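Asker: Can you keep this structure in mind? I'll have questions shortly.
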Ligand SMILES: Nc1ncnc2c1ncn2[C@@H]1O[C@H](COP(=O)(O)OP(=O)(O)OP(=O)(O)O)[C@@H](O)[C@H]1O
């Protein structure tokens, strides 16, 4: 794989996920909720502002920035989870991304780890695989897929250890994070997006985790993760770095070229300073007093402007626009939207040979039923029928677990 100059362009990369002029605006009601919509002021808050970037297969990209810079929102928008108004395009191999394209090609690992504490790591993965893989998968195929992800995420030694929870002691925090990622890898996605996967981990475990993710990228995946306070060891593992501030990028490019870039625009880095700490500081808004805030705003706006007019960014913009105009790449048409097949119920029912219209109806009924169940339980909790929100959560969890068990039983049957 040949890395080419400061742009770090990798020549033989095949798949790419592009973001073109992305803007994300939410409606924000200012004031206490009891004043109601009539008395509260509505403001439109721009959370992501005109972001253009290209992620390539074979590379691992780290997104950094101070708190509130918009890292999680960017991941949410790319994975079609944003609730506000989104303009611009997210494009995978020349195809505009919709929910189905994302479901078929990408996986998003969020910050929370939620498991059944009594199951072992392997049991958890088998259980998830039965729900995620197509209904026609045999037990051998499921076993093989689980063994592959156990090895890929370095979980071999704890594969048969109970996961544990707050009461039962089980695997460590770092291992729990890796199990969460392993579950998402069962589908063998092309794009892996992770929101702060290293949060709460010590520097050794965090480095080990990022190293695992880099190995996955080297196997042809597109990997992008948001990071909080990464160590200099993690810096050396990243191929590409994006530094965000106020919803815009002040740098997006090759990790190796970052120090040179910032030195050229007036921010050198000491030999013994972690470049990631240094440049996240440079990009941060200092809100201690009015003067510091104005100073940091001027600094950030200047950096954003320099990046937007840089050869690096203009070149990326031109390449993405040209590729998008040409449409889906020949020989890579699998990115074209196809009906989602992940839903367990649909897979089970499909094997019965029902008409697509009937299938759609059953699917719709199931979704409505589950949504009603969920909202009813929460409403009930809100009105004080349950003793506490914890109890409501337990009952909800129990209902969903029994539903999942029934679905697993169906799967086994087919
Ligand atoms: N739906 C929303 N409504 C109102 N404000 C929002 C909404 N979503 C995000 N924000 C605001 O956008 C800003 C960016 O939030 P985001 O969670 O993306 O930041 P972040 O960089 O991931 O922060 P952190 O590192 O602390 O997780 C924050 O100020 C947040 O309050």
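The values are calculated or read from the model by the stated rules, or taken from the named source; none is laboratory data. Treat the numbers as computed from the prediction; the structure is a model and nothing was measured. Cβ placement follows ideal geometry from the backbone for every residue including glycine, while neighbour counts extend to all protein chains displayed.
Asker: Are there any pairs with C-beta distances below 6 angstrom linking a residue in segment 71-91 that is without any contact (Cβ under 8 Å) to a residue 60 or more places away in the chain to a residue that is near the ligand (Cβ under 9 Å from one of its atoms) and in a helix (DSSP H, G or I), with the two at least 6 apart or on different chains, and if so which?
Answerer: 82/76
Asker: Does segment 60-81 hold any residues that are under 22 Å from residue 229 (Cβ atoms), away from the ligand (no atom under 14 Å from the Cβ) and touching a helix residue (DSSP H, G or I) at 6+ places or on another chain (Cβ under 8 Å), and which are they?
Answerer: 60
Asker: Continuing with this model, one more query. If residue 117 satisfies all but one of (1) touching a helix residue (DSSP H, G or I) at 6+ places or on another chain (Cβ under 8 Å); (2) more than 23 Å from residue 188 (Cβ to Cβ); (3) away from the ligand (no atom under 16 Å from the Cβ), what's the number of the condition it fails?
Answerer: Residue 117 satisfies every listed condition except (1).
Asker: Mind checking which residues of segment 40-61 are over 23 Å from residue 222 (Cβ atoms) and not in a strand (DSSP E or B)?
Answerer: 40
Asker: On to the next question. Testing residue 102 on (1) more than 14 Å from the ligand (Cβ to nearest atom); (2) over 17 Å from the mean Cα position of the chain (by Cα); (3) modelled with pLDDT under 90, one condition comes back false. Which one is that?
Answerer: Only one criterion is unmet by residue 102, namely (2).
Asker: Here is a follow-up. Could you list, in sequence order, the residues of segment 178-210 that are within 16 Å of the ligand (Cβ to nearest atom) and either on the phi > 0 side of the Ramachandran plot or in a helix (DSSP H, G or I) (or both)?
Answerer: 196, 200, 206
Asker: Only one residue in 89, 50 is surrounded by fewer than 18 Cβ atoms within 10 Å (Cβ to Cβ) and away from the ligand (no atom under 16 Å from the Cβ). Which one?
Answerer: After applying the criteria, what remains is 89.
Asker: What number of residues within segment 301-312 are touching a residue at least 12 places away in the same chain (Cβ under 8 Å) and either surrounded by fewer than 12 Cβ atoms within 10 Å (Cβ to Cβ) or touching a helix residue (DSSP H, G or I) at 6+ places or on another chain (Cβ under 6 Å) (or both)?
Answerer: Within segment 301-312, residues that are touching a residue at least 12 places away in the same chain (Cβ under 8 Å) and either surrounded by fewer than 12 Cβ atoms within 10 Å (Cβ to Cβ) or touching a helix residue (DSSP H, G or I) at 6+ places or on another chain (Cβ under 6 Å) (or both) number 1.
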